[in-house]
């Protein structure tokens, strides 16, 4: 289901190359960039705040993305948000990050470029670039270095291919023309 915001009429903006699974819910002020893939059961509710999803990003099954009123959640390019993760803004996930299964990013938290947030972790606050964070609350466990960027891009490209294969086989939602761009 892709709908305009019933509160203020803002409409999702979805790049025509994106894959949106059949039962995904996208409402309101949500922008989804080229080749993003949003998988089954995900919910992106931009009713009171803006949500931006970057190019080649994968939002996997049963994720929830939302934010406090008059704020923004920004998810960068080549990001993987693992199954059942929650991103509740305001906050951001920078380019080339991985958010593990069932991890949570809380209000006012920012995951820096190239980071991994381990499965089941809860992030509060800001992180350093190219590091692994784990635990409740999440703490820095390891520094990876910039080579992490290439690994993230390879992983994201695999999900782009999978999403495009699903789209070609007709497994995606039909996105209303009024919400498409690109």
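The values are calculated or read from the model by the stated rules, or taken from the named source; none is laboratory data. Predicted, not measured: the structure shown is a model, and the values here were computed from it. Every residue, glycine among them, receives a Cβ derived from its backbone with ideal geometry; neighbour counts consider all protein chains shown.
The residue that is nearest to residue 11 (Cα to Cα), among those in segment 46-60 that are within 9 Å of the chain's Cα centre (by Cα) and surrounded by fewer than 24 Cβ atoms within 10 Å (Cβ to Cβ), is 52.
Number of residues in segment 1-23 that are under 13 Å from the mean Cα position of the chain (by Cα) and either part of a loop (DSSP other than H, G, I, E, B) or under 18 Å from residue 67 (Cα atoms) (or both) equals 1.
Is it true that residue 96 is in contact (Cβ under 8 Å) with a residue 24 or more places away in the chain and within 10 Å of the chain's Cα centre (by Cα)? First the steps, then the outcome.
Details: in contact (Cβ under 8 Å) with a residue 24 or more places away in the chain: yes; within 10 Å of the chain's Cα centre (by Cα): no.
Considered against the rule, which asks whether it is in contact (Cβ under 8 Å) with a residue 24 or more places away in the chain and within 10 Å of the chain's Cα centre (by Cα), residue 96 comes out as no.
The set of residues in segment 135-178 that are more than 18 Å from the chain's Cα centre (by Cα), part of a helix (DSSP H, G or I) and either at pLDDT below 95 or farther than 13 Å from residue 21 by Cα (or both) comprises 147, 148, 150, 177, 178. A search for C-beta distances below 9 Å between a residue of segment 43-68 that is at positive phi and touching a residue at least 60 places away in the same chain (Cβ under 8 Å) and any residue that is in a loop (DSSP other than H, G, I, E, B) and crowded, with 21+ Cβ neighbours inside 10 Å, counting only pairs 6+ apart in sequence or on different chains, returns 56/33; 56/35; 56/36; 56/78; 56/79.
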